[in-house]
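J.: Before I ask anything, let me first share the structure, which is written out below as structure tokens.
The values are calculated or read from the model by the stated rules, or taken from the named source; none is laboratory data. Predicted model only: the values in this text are computed from it and were never measured. Note: ideal-geometry Cβ built from the backbone for every residue, glycine included; neighbour counts use all protein chains shown. These area figures cover heavy atoms from the full protein model, side chains too; ligands, DNA and RNA do not enter into them. Shrake-Rupley method; radii C 1.70, N 1.55, O 1.52, S 1.80 Å.
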Amino acid sequence: MPITPLHFPFAFGLSKTNKRLILPGVVVGSVIPDIEVPIMWVFFSSLPDHLFLHSLVGAVLVGTILAALVTWLLYPPIISALFRVSKDDLKEACTPSCMLVFSCLIGVLSHLLLDYPMHWFNPILWPWVNPYDIVGPLVLFFAPFGPINGTAFWMANYLTSAIMILAWLSILIYYFDKDLWRNHWLGYSSRSKN
Ligand SMILES: [Zn+2]
């Protein structure tokens, strides 16, 4: 996904599949793999910009832990500063627990799942399988229109992004007058907490 935040709607939807999942963990997990992209550009420009954190082994072992730390330490102060969501409620939701780590794991896996169809190379099985040997199915679908690392990739990307933007708009509209930011960032409104 060229725009990392567009992973949010998928994570939000997944968090609704089980009440025990902690939305902040799923959300942070769903964006964390992309932090490797600028690092790869700057320090490892000869390697693919999606690599370690976009591999199953790196995402599960390192991405999950990283996401849990970010959810615990950074999510409450940042979200409470930017949106009108109680810092205490955020801190309570983001307290380290097995369920928080599991929620982060679901988030990072959701990132890989969403990235896979629309990327022309996928390091999901790195270091055992060359990332360039795994072309996303959506890219292959658009391959008749142009090169997989050009037109086909961008078409797959735009389509996925458009679907995610529509999903996000639906979330915003649905919760607009229903305690929007608590539902958006915490996963529940002040009335339905328990
Ligand atoms: Zn990614």
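J.: Counting only protein heavy atoms and a 1.4 Å probe, tell me what percentage of segment 67-194's accessible area is made up of carbon and sulfur.
T.: 70 percent
J.: Here's another thing I want to ask about it. Would you mind pulling out the separation of the Cα centroids of segment 9-41 and segment 106-156, in Å?
T.: Result: 19 Å between the Cα centres.
J.: For segment 9-90, run through the trypsin sites (Lys or Arg not before Pro) and keep only the ones in DSSP coil with at most 16 other Cβ atoms within 10 Å of their Cβ.
T.: For trypsin sites (Lys or Arg not before Pro) across segment 9-90 that sit outside H, G, I, E and B with at most 16 neighbouring Cβ atoms in 10 Å, the list reads 16, 19, 20, 84.
J.: Add -39500 (n - 2.57) for each DSSP H run of 4 or more in the chain, then divide by its residues: what number comes out at 222 nm, to the nearest 500 deg cm²/dmol?
T.: Mean residue ellipticity, 222 nm, calculated: -17000 deg cm²/dmol.
J.: Where a Cα-Cα gap under 12 Å defines reach, which aspartates and glutamates qualify for residue 19, not counting those fewer than 8 residues away within the same chain?
T.: Result set, ordered by chain and number: empty.
J.: Now for a different question. May I ask you to list the chymotrypsin sites (Phe, Trp or Tyr not before Pro) in segment 29-62 that are in a DSSP loop and have at most 13 other Cβ atoms within 10 Å of their Cβ?
T.: Sparse-neighbourhood loop chymotrypsin sites (Phe, Trp or Tyr not before Pro): 44.
J.: Using amide H atoms built 1.01 Å from N in the peptide plane, name the residues 5+ places from residue 134, or on other chains, whose amide H lies under 5 Å from its own.
T.: 122
J.: In whole Hz and in residue order, list the ³J(HN,Hα) couplings for segment 175-180 that follow from phi through the Karplus curve 6.51 cos²θ - 1.76 cosθ + 1.60, θ = phi - 60°; x for Gly and Pro.
T.: 9, 3, 10, 10, 6, 3
J.: Return the loop-located chymotrypsin sites (Phe, Trp or Tyr not before Pro) in segment 91-187 (DSSP other than H, G, I, E, B) with at most 11 other Cβ atoms within 10 Å of their own Cβ; answer none if there are none.
T.: For chymotrypsin sites (Phe, Trp or Tyr not before Pro) across segment 91-187 that sit outside H, G, I, E and B with at most 11 neighbouring Cβ atoms in 10 Å, the list reads 128, 176.
J.: If you roll a 1.4 Å probe over the heavy atoms of the protein chains, what accessible area per residue do you get for segment 4-185, in Å²?
T.: 52 Å²
J.: If you don't mind, another one. Only Cα pairs under 8 Å and at least 6 apart count here; give the relative contact order of segment 4-185 as a rounded whole percent. Don't jump to the answer; show the numbers that get you there.
T.: Working: 279 pairs, mean separation 45.4, N = 182.
Relative contact order of segment 4-185: 25 percent.
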